[in-house]
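What follows is a short report on a single structure.
Bear in mind that the values in this text are calculations on the coordinates, not laboratory data. None of the values given here were measured: they were computed from a predicted structure. Don't worry about glycine lacking a Cβ; one is built from the backbone with ideal geometry, like all the others, and counts go over all protein chains shown.
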């Protein structure tokens, strides 16, 4: 270490700026109140949550209040840009885009929710078990995952189609095949990092069961990355659903979802950009909100961020 | 690399071969289960169809067909296409397309990962400032807007409105004509990598050893470069790998927009039209790449990060 | 931050410097770049079954007959033809022509090609048999597995080709202009073996253009064939065909001047319809609904009439498709063929839908449905329609869904699937009620449509297209008589009657004749478009 030369003005007398005689113990609050308080303070997160709630409400109620039906074809009013009568304009069939967009958001929200649940329940659990136990368990689980990943889902779905009818349920069922794989790999990587830590060893020495260790020791230390990446998989799920509908395995015409609206609107990009721009904006807004919300949740849940 | 690591790699390679075999077998059986045949012209009579099927050996029992296919595959003969390009050898059809898709995919992943990491680092270092918000917005847009929208936007702005870049991929002018497709493909990579890097970096910056290093008196730059970066960037390879494989194996619409003769459409059309050999070859390629990249990632992760121990717990 | 900015600006400068290479394409007056919607399937003239392949094959190969600039047929590789009195023997004398490897085009090239069409079990081999040219022995060889070398085509000498038929064929010249009948250099093909037609080096040219390069899935480049027997007519030196291009990207290329001919879909029509380089062409396909007569609901004539009357074909074509598609007037579409007196066959038939009151009329439609429901003793029926999501008819399916759902008493359901599944799983197994399908003419004669509805086409060994199992004894009788008719006017009137019966019975529900919206460079002339056979002929292209 170098010898430091201390100058007279290197140190400043703090004095009573911090009253060290006072031993303030922050009042004990229940964990969730603490979390809620921290969440509320994060402006971005609150805005995110509000937007999500707002969009959800609009998706539920807007189509009910409109005089237009989402499948009402009216060729005379085709391809109109947003105006006073049709707030989002119309598509090439003259169908009101305001209603279609909100109906579509409804479907996409359900898909998004399903995707997150699948990610969490299947993906995270799979990754944690695989990463924690290591060895043969890990090997087998990873190989199964590789096999599942390499079989083109279109093949699986085409075979399924011979027994199932295309519907929202089929989509969610289809998501269960491969949606969670990315999440499980991320989880596993995080678990590998954590599982050699001393506190895990300590827990094990104290006789904690594997189950306890996985969910009470490891998970709380890795969830931050998991929440963030789970949010990022939502558009994947939405576009996957759009792709399924495109090949006839998902929603049938004239049902719509944000993904379907974007795919359809894409064809009109050069002539009527509003047809694609509007669902893209709604989706982006939704994604932004989910991400802000997810970030806020993560920050709020993180005990290391407890304020003094 | 020590002996146990080498043993681990050897074991993994062996397992990988077995996995590949299982994948091909399962896929082969599934394809044969699918309804329909490769010969779908409305004008073919049933007897003609039977003759054509016999010609290609498609009337034999499924397991016999598989044995023949596997045997041929080991010698590099992947059969011919039945529908997409009649009677063209797969090695030619899929081979040339894959090289192009690979090049573009690797370029897009590298560009995307680098920019993504940069963005993530900047966001983490400037957490909760406008820079962070900007980075978040870019990430969100990157995933919410499909790559083909970016592709068309780029084509419209840079190819048509301002004639800066060529409007179609050309094999004689590969670098310049690849710029737009690579950017379009890289957008979602940037988005994912940026978010991931930001989260990793934030958790690293918050950890105890960083506080210790700062207390020790290390200057800001060394702190970031030597400690924070290394620890946050390592996990990034876990997501870059699978992303790269997905992009490398082709993205249909982006390729169509730029006229790139890549793998994108091959897999989907071949499944829709029962062109078995093409589906098998594309899936095999994908599986092979995926397994190899996962192996590389797992091993390098184990090497770089001393906290991680692969293999069975002692 | 600074470093990054530097790198970025360097990249941008570099890109700008390289923009000189961004231009290109069809700036000059002797290169033409055309767009093809689909990829080609094979450049082997015997195996190709799709329009794109036909277009390109016809550019670098000639047949006995070819198209003139006005779309009519004329002798091409054949210099002259002697027809026997009974019209069963044709003797062709060939012009002097060369393959691109220097070999002369001989009569044996045709013999080899036609024999191998059957040997290779080509999907279009049926054109040599009783449904097409009626080449002697061809049908029996195909049915009974005989030796293809015994079919009625022989090379008397290098320049004389003798073709014998089992029965008269009124449109032999049209068939001989079809790539299935093109010549193939035997020595070269045998040498190439499995590699034949897999790449540019596996093909020879003897047509207006030479094949220069083929980037599979992307484009084909050709250049003028200096050794062509009609080289003076070919005015273009470089021809590029872009394969399977995305329409929006192609439209942008057209705007840039890099594309001379671009096909656009209905989504882009509004952007260009006012421009003078916008046009419509008749695509030749008729889209219609198969009705399954084995299904009790569909077998009810009132239900069929009601469904037909529920479709506002005008609205669909004008406001939704917008690409020049026109409402169907019957099974045989307009502009397919002309009758002896010069009028269009379909025009002569008239608007058979209106005649039978199955054209659009909402109240009438509901009346039919109500009557049908009463006859069936039901208050509501389930109607489903199969369609292919890979056939680009989603708009039509959407429109039909709305049209049929608005009828009271109908529970309508769409069944999306793939084209091959639609044909092999649903149609072939009789597992459907309605199926959205199309038919394109193989040759310019009404029988290419009307033949489909005979009982013999119910499926099975013949591979027939009458999936709905429609049967009307009178119809079959008329078709049989038409085949045996000796006078053209007799044949025509019989066919016209048959065409009428189809709409009286509502054997199928025709919807529209497909059109296509195209953007053509005003300086591009001479692109020949056919509704039947080879869609495009590139030989006569010129650029001012």
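Some observations on this one:
- Value at 222 nm in deg cm²/dmol, rounded to 500, when DSSP H runs of n ≥ 4 in chain A each add -39,500 (n - 2.57): -20000 deg cm²/dmol
- Chain B: proportion of alpha-carbon pairs further apart than 38 angstrom, %: 30 percent
- Its Kirkwood hydrodynamic radius, worked out from the mean inverse distance over all distinct Cα pairs, puts region C:424-544 at 17.0 Å.
- Spherically averaged projected area of region A:109-212 from its Cα convex hull (nm²): 7.9 nm²
- Counting neighbouring beta carbons within 10 Å and listing from fewest to most, the residues C:544, C:425, C:401 come out as C:544, C:425, C:401.
- C-alpha center-to-center spacing [region B:50-99, region C:34-89] in angstrom: 31 Å
- Per-residue average of Cβ from other chains inside 10 Å of A:44-57: 0
- Debye-sum result for region C:328-476 in log10 I(q)/I(0), which assumes one identical scatterer on each alpha carbon, at q = 0.13, 0.17, 0.18, 0.20 Å⁻¹: -0.77, -1.29, -1.39, -1.47
- Whole-angstrom gap from region C:431-456 to region C:175-247, using each part's C-alpha centre: 31 Å
- With 20 Å bins from 0: P(r) over chain A, alpha-carbon pairs, percent: 25, 45, 23, 7, 0
- Highest-MSF residue in chain A out of A:96, A:264, A:74 [GNM, Cα springs under 10 Å]: A:74
- Averaged over B:154-166, number of beta-carbon atoms from partner chains that fall within 10 Å: 5
- From helices alone, chain B scores -23000 deg cm²/dmol at 222 nm; the rule is -39500 (n - 2.57) for each run of n ≥ 4 DSSP H residues, then divide by the residue total.
- Between 0 and 90 degrees, the angle of helix A:274-301 with respect to the longest Cα principal axis of chain A falls at about 20 degrees.
- Percentage relative contact order, region A:93-245, counting C-alpha pairs under 8 Å, at least six apart: 38 percent
- Candidates A:23, A:165, A:34: whichever shows maximal mean-square fluctuation once chain A is modelled as a Gaussian network with Cα springs under 10 Å: A:23
- GNM remark for chain B: springs join alpha carbons under 10 Å apart, and the peak mean-square fluctuation among B:50, B:123, B:191 falls on B:50.
- For region B:1-140, the relative contact order works out to 10 percent when only alpha carbon pairs closer than 8 Å and six or more residues apart are counted.
- Computed over chain C, Cα set: Rg, Dmax in Å: 25.5, 90
- Distance between region A:81-110 and region A:216-292 - C-alpha centres, whole angstrom: 16 Å
- Alpha-carbon geometry of region B:124-195: the Rg and the Dmax are 14.6, 47 Å, given in that order.
- For region C:137-266, the convex hull spanned by the alpha carbon atoms encloses 205 Å³ per residue.
- For peptides B:271-283, B:27-39, sequence by mean Cβ density within 10 Å, most packed first: B:271-283, B:27-39
- Taking every DSSP bridge with both residues inside the protein assembly as shown, close to 80 percent are antiparallel.
- Rounded to 10°, Cα long-axis angle of helix A:219-232 versus longest principal axis of chain A: 30 degrees
- Burial ordering of A:95, C:422, A:204, A:37, fewest other beta-carbon atoms within 10 Å first: A:37, A:204, A:95, C:422
- Computed from Cα positions, the angle between helix B:90-125 and the longest principal axis of chain B comes to roughly 20 degrees.
- Chain C: calculated mean residue ellipticity at 222 nm from DSSP helix runs of at least 4, using -39500 (n - 2.57): -8500 deg cm²/dmol
- The Rg/Rh ratio of region A:135-293, with Rg taken over Cα atoms and Rh as the Kirkwood radius over Cα pairs, comes to 1.09.
- Taking all pairs of distinct alpha-carbon atoms in region B:247-300, Kirkwood radius in angstrom: 12.1 Å
- Computed FRET value (nearest 0.05) for residue C:488 with residue C:154, which takes r as the C-beta separation and R₀ as 35 Å: 0.75
- Inter-chain neighbour count for A:283-289: the average number of beta-carbon atoms from partner chains within 10 Å of each residue's beta-carbon is 5.
- Per-bin percent of Cα-Cα distances, region A:7-160 [5 Å]: 2, 7, 8, 8, 9, 9, 9, 10, 10, 7, 6, 5, 4, 3, 2, 1, 0
- The largest-to-smallest principal axis extents of the Cα set in the protein assembly as shown are 124, 71, 59 Å.
- Relative contact order of region C:152-228, defined on C-alpha pairs under 8 angstrom at six or more residues apart (%): 15 percent
- Bridge type composition, chain C - antiparallel percent by DSSP, nearest 5: 80 percent
- Ranked list, fewest to most other Cβ atoms within 10 Å of each Cβ, for C:428, A:12, C:123: A:12, C:428, C:123
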